[in-house]
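Participant: Sharing a structure, written as structure tokens. Questions coming.
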Amino acid sequence: MDADENLITVKDLIKTYRTGKIEVHALNHVSLTINKGEFLAIMGASGSGKSTFMNILGCLDNPTSGEYLMEGVSVLGRSKNELAEVRNSKLGFVFQSFNLLSRTSALENVELPLLYNSKVDSKKRAGKALNALKSVGLADRLNAMPNELSGGQQQRVAIARALVNDPIVIMADEPTGNLDSRTSYEIMEIFQKLNDKGITVVMVTHEPDIAQFAKSNVVFKDGKIISNSLVKTRKVAAEELKKIATLSEETATT
């Protein structure tokens with residue numbers, strides 16, 4: 001693929017933590033390129049390094065050494081304010097626990113990142129938030145509070161919030177971890193549709209079943225990437241949801 005298609009490139013990343021005299025190598029010489037339009041699932045057991053890697057990609061942590069380029073420009077060495085600007089303007093985050101403000105409506109939750117985006121006129125915030133909610137199928141729940149929404153609906157709000165600043169990549173950390181199978185597939189359908197529109201998605205998951213909805217899987221072990229491969233038999237969320245609906249109908253008629 002052309003170098004212009006390289007969205008994120010990390011080279012020889014090392015992350016070392018010290019606890020007293022004990023040194024823990026969370027990342028050990030990790031190199032990876034993520035291209036525009038990719039849908040990547042990052043996998044690995046607890047302590048494998050996947051979460052540390054995601055935190056560095058999300059500009060939430062710095063490596064001990066190595067190189068991190070985003071759209072060909074080095075991310076490392078930037079000030080806290082500069083990193084905050086990168087996170088707000090270029091990255092959209094989706095978390096397992098949704099992280100919605102409990103006393104704030106769906107629309108206001110989605111508007112929140114726009115408050116820190118000086119490029120968006122205040123008069124346009126509500127419109128952009130509304131469009132983001134429409135894209136995840138929640139145009140009819142604008143004024144609903146988080147406690148009035150199901151888990152799946154709350155995650156949809158979180159995805160809309162991640163989309164509202166038109167990020168170059170969405171980073172999802174265990175986005176289906178608190179959801180049942182049907183709702184998980186509904187969320188993966190949204191990610192697949194967004195990816196089909198050209199949005200890059202990087203997702204951490206411990207569930208092999210969920211990883212099969214991505215285009216490629218990267219597996220971590222002991223701070224290293226042990227495999228990086230295309231998904232040979234990729235699942236399509238819409239088809240999986242149809243199967244569930246068919247089984248439900250058959251069960252109801254028996």
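Participant: Scan region 101-129 for residues that are part of a loop (DSSP other than H, G, I, E, B), among the hydroxyl-bearing types (S, T, Y) and over 24 Å from E186 (Cβ atoms) and jot them down.
Facilitator: Answer for region 101-129, where residues must be part of a loop (DSSP other than H, G, I, E, B), among the hydroxyl-bearing types (S, T, Y) and over 24 Å from E186 (Cβ atoms): just S118.
Participant: Now a separate question. Specify the residue that is surrounded by the most Cβ atoms within 10 Å (Cβ to Cβ); the eligible residues are those in region 59-83 that are among the hydrophobic types (A, V, I, L, M, F, W, C) and out of contact with any Cys (no Cβ under 8 Å at 6 or more places or on another chain).
Facilitator: C59
Participant: Can you name the number of the only condition in (1) touching a Leu at 6+ places or on another chain (Cβ under 9 Å); (2) more than 20 Å from P113 (Cα to Cα); (3) in a loop (DSSP other than H, G, I, E, B); (4) not β-branched (V, I, T) that Y185 fails?
Facilitator: Failed condition: (3).
Participant: Across region 194-207, what is the number of residues that are outside any loop (DSSP other than H, G, I, E, B) and either within 12 Å of the chain's Cα centre (by Cα) or within 25 Å of L13 (Cβ to Cβ) (or both)?
Facilitator: 7
Participant: Is region 23-41 home to any residue that is more than 27 Å from S229 (Cβ to Cβ) and surrounded by fewer than 20 Cβ atoms within 10 Å (Cβ to Cβ)?
Facilitator: yes
Participant: Say we look at region 177-189 and pick out the residues that are modelled with pLDDT of 95 or more and under 13 Å from the mean Cα position of the chain (by Cα); which of these is surrounded by the fewest Cβ atoms within 10 Å (Cβ to Cβ)?
Facilitator: Among those residues, the one meeting the criterion is I187.
Participant: Mind checking whether some residue in region 88-100 is assigned to a loop (DSSP other than H, G, I, E, B), small (G, A, S) and touching a residue at least 24 places away in the same chain (Cβ under 8 Å)?
Facilitator: yes
Participant: Which residue out of D61, D4 is of a type in the set (D, E, K, R) and either at pLDDT 95 or above or in a helix (DSSP H, G or I) (or both)?
Facilitator: Testing whether each residue is of a type in the set (D, E, K, R) and either at pLDDT 95 or above or in a helix (DSSP H, G or I) (or both) leaves just D4.
Participant: I'm trying to understand the selection: among the residues of region 130-150, which are farther than 19 Å from E189 by Cα, part of a helix (DSSP H, G or I) and aliphatic (A, V, I, L, M)?
Facilitator: The answer is L130, and nothing else.
Participant: I need a count of the residues in region 228-254 that are surrounded by 11 or more Cβ atoms within 10 Å (Cβ to Cβ) and not in a helix (DSSP H, G or I).
Facilitator: The qualifying residues number 5.
Participant: Moving on to the next point. Right, E23: without any contact (Cβ under 8 Å) to a residue 60 or more places away in the chain and among the acidic types (D, E) or not?
Facilitator: yes
The values are calculated or read from the model by the stated rules, or taken from the named source; none is laboratory data. For clarity, every value in this text was computed on a predicted model and none was experimentally measured. Positions of Cβ are backbone-derived with ideal geometry, glycine not excepted, and every protein chain shown enters the neighbour counts.
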